[in-house]
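Peer 1: One structure, as structure tokens, below. Some questions next.
No lab work stands behind these numbers, since they all come straight from the coordinates. Since this is a predicted model, take the numbers as computed values, not measurements. Every residue, glycine as well, gets a Cβ built from its backbone with ideal geometry; the counts of neighbours run over all protein chains shown.
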Amino acid sequence: MKKITRVKTINGHEYIYEITYYYDKKAKRTRQKSKYLGKNVDGKPVKIREHAKYPQKAYDLGVFLPYVSVIDELQIADLLAEDLSTPESRMVITIALAGLINPQAIYNLTSWYNGTVLSRYYPQLRLTSSTISRLLKKIGESDISQTFSARFIKDLMITDAYLYDLTLDIGGRTNSKNQYGFEFSGSDIQKNQISLIVDKEEGVPVMYRLRSGGGTKASVIRKDIEEISHIGIQGTTLVMDSSFFSTMNFYDLIFSNTPFIIPVSTQNSMVTETVDECSIDMMHPKKMMMYQNESLFVQPIIVSSAQAPIKGYLYYFPQQGDAMHHRFKEDIASAILKLDKTRVYAWMKPLDTVREIAGDYESFISWEEKDGLLLVKPKQKAISRYTKHFGKFVLLYAGKDFKWDECLALYREKREDERVLSKIISNLDIYPHNVNSEKVTRGILFISFISLLLKKKVQQILEESGLSSIYSYERLFLELEPISLIELANQKCMISALSRKQSEILSALDSVRKVL
């Protein structure tokens, strides 16, 4: 039987058929059968319906689902669009998500964007270095950050808030030694002081203010409180940084009846005597507590002041104290090893040599010059005085009768927000600063604030759903990461198959499931 192919035109479209000739014995004549092969595409038959089922592209979807849900719920894009164009507001969200999800993407934002579901949600964004720099400058030279927050606070009807006193390391390196309020000197990192306003009920940041103006730090912060009171927040409790504490700042807050939580160094003269007295029986079993699977000892304290006694808590973390002791001894030993038997030439000043090598540890080292060599040894009494309270720190409070775990939770939350915000700023701080650097930096700070807002809201949703007791924040996103949006040849989309854990997570997140 002879077979040929034939092209038929139907409604202006060409289709290819296979024609088979055969002999019909009954009719005693030649007949033909036709078989559809497909649409004529460049001279070849293509079966459109089958071809349409083939995947053409896959987009990252899973890690974006919680964030997209929050963006829709809080109407972030609409709030941004009040001051920015639609493409600009979408660029802000895209950059904010990149800083959270994949910091390395900032170096090639367009490629990352094209491979994510954002390229379908927010199509045709121009994410070049020049357009982003112009956007950052526009944000930095305007009051967009304040107008955005004012509308956000009004929409959520927020009336009570915490004011976190943050010290942001622009280089993205927070001082881990200060995590529990312990103070070490020697930091030369560029810092920015800001007030971060956080909703008391939701725990979500709603506003920030760059620190400005003269006077004491406390008086400047009280100006911030006055400013935010004009947009509806009447009850504000300060959660301060360890660098805040000074006698002038402290009494400024007390005399103004401002509610606060303040960390105080155990070496501060105001609390040293109280800490020494409490340290005698600090490790009594009745004082042992558990906090987030970590054992610690807690002692309520009262500190005298000119106005009235101030309440607070003395905390002792044994594991943290041991780690600090170990590190301090290693650093001292390293400095002594470098200094001992070091040759001092006639033109050298021995003290300058000691200070250059020992750095902050110079006051803990005893030295003498003998026969042109440095002979060094540790000052045991000075070391003992300095290290005796390692692992301990004090939180003082006023304005409310805080429980020990409330004080600790708020202070740690402030420290975590400070760390995350500094890290995001560092991730985004790659754009050209040769012109209008201050304006660009302010623009980066605003987008970093949006990132922090999204992250904190997602964390709140995870806690409310009960997922935070099963998954850590990082692990949950690792579970969601493999979920992809698959685009077919006919432009339709489908979601990749879900694992059992992924299905359980999405089932627990009702707001996220609506996005699908």
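Peer 1: Using the count of nearby Cβ atoms within 10 Å as a rough guide to exposure, how do Cys407, Cys278, Cys493 rank from fewest to most?
Peer 2: On the way: Cys407 22, Cys278 19, Cys493 15.
The most exposed by this proxy come first: Cys493, Cys278, Cys407.
Peer 1: Work out the FRET efficiency for Lys341 and Asp276 from their Cβ-Cβ distance, taking R0 = 51 Å, and round it to the nearest 0.05.
Peer 2: Taking R0 as 51 Å, the efficiency between Lys341 and Asp276 is 0.85.
Peer 1: Straight-line reach from Lys44: which aspartates and glutamates fall under 18 Å, measuring Cα to Cα and dropping same-chain residues less than 8 apart?
Peer 2: Glu14, Glu18
Peer 1: Roughly what % of DSSP beta bridges within the chain run antiparallel, to the nearest 5? All intermediate terms of the calculation are to be shown ahead of the outcome.
Peer 2: Numbers: 72 of 80 bridges.
For the chain, the DSSP antiparallel bridge percentage is about 90.
Peer 1: Sorting Lys403, Lys2 on the 10 Å Cβ count, fewest up front, what's the list? Don't skip to the end; give the middle numbers.
Peer 2: Working: Lys403 12, Lys2 9.
Ranking Lys403, Lys2 by Cβ neighbours within 10 Å, fewest first, gives Lys2, Lys403.
Peer 1: Take peptides 60-68, 370-378, 143-151 and line them up by average Cβ neighbours within 10 Å, highest first, as a rough protection proxy. Walk me through the intermediate numbers first.
Peer 2: Values: 60-68: 22.2, 370-378: 13.7, 143-151: 17.8.
So the peptides 60-68, 370-378, 143-151, ranked by packing, come out 60-68, 143-151, 370-378.
Peer 1: Can you order the peptides 384-396, 477-489 by their average number of other Cβ atoms within 10 Å per residue, highest first? Can you show the working numbers first?
Peer 2: Values: 384-396: 19.8, 477-489: 17.1.
Top to bottom by mean Cβ count within 10 Å: 384-396, 477-489.
Peer 1: At q = 0.06, 0.13 Å⁻¹, work out log10 I(q)/I(0) for the chain with the Debye formula, treating every Cα as an identical point scatterer and leaving solvent out; two decimals please.
Peer 2: Log10 I(q)/I(0), no solvent term: -0.43, -1.31.
Peer 1: Let me check I've understood the local charge: for Tyr164, count other residues with C-beta under 13 angstrom from its C-beta, Lys and Arg +1, Asp and Glu -1. What total comes out? Numbers along the way, then the final one.
Peer 2: On the way: positive: Lys200, Arg209, Arg211, Arg412, Lys414, Arg415, Arg419, Lys456; negative: Asp165, Asp199, Asp224, Asp241, Glu413, Glu416, Asp417, Glu418.
So the surrounding residues net to 0.
Peer 1: Using alpha carbons only, what's the Rg to Rh ratio of the range 321-387 with Rh from Kirkwood? Present the calculation step by step, with values, prior to reporting the outcome.
Peer 2: Numbers: Rg = 12.5 Å, Rh = 12.3 Å.
Result for the range 321-387 is an Rg/Rh of 1.01.
Peer 1: I want to check a number: in the range 321-387, how many lysine pairs have alpha carbons closer than 18 Å, given a sequence separation of 8 or more or different chains?
Peer 2: 13
Peer 1: Which value at 222 nm does the chain reach when only helices count, each DSSP H run of 4 or more adding -39,500 (n - 2.57), with the total divided by all residues and rounded to the nearest 500 deg cm²/dmol?
Peer 2: On the way: 19 runs with 217 residues, N = 516.
Calculated from helices alone, the mean residue ellipticity at 222 nm is -13000 deg cm²/dmol.
Peer 1: If you fit an axis through the alpha-carbon atoms of helix 86-101 and take the longest principal axis of the Cα set of the chain, what angle between them do you get, 0 to 90°, nearest 10?
Peer 2: 60 degrees
Peer 1: In debye, nearest 20, what is the charge dipole magnitude of the chain about its Cα centre with +1 on Lys and Arg Cβ and -1 on Asp and Glu Cβ, if you could check?
Peer 2: Details: 69 positive and 61 negative charges, 825 e Å.
Using only the charged Cβ atoms, the result is roughly 3960 debye.
Peer 1: Can you work out the FRET efficiency for the pair Lys200 and Lys349, with r the C-beta to C-beta distance and R0 = 51 Å, to the nearest 0.05?
Peer 2: On the way: r = 56 Å, r/R0 = 1.10.
Efficiency, from the Cβ-Cβ distance: 0.35.
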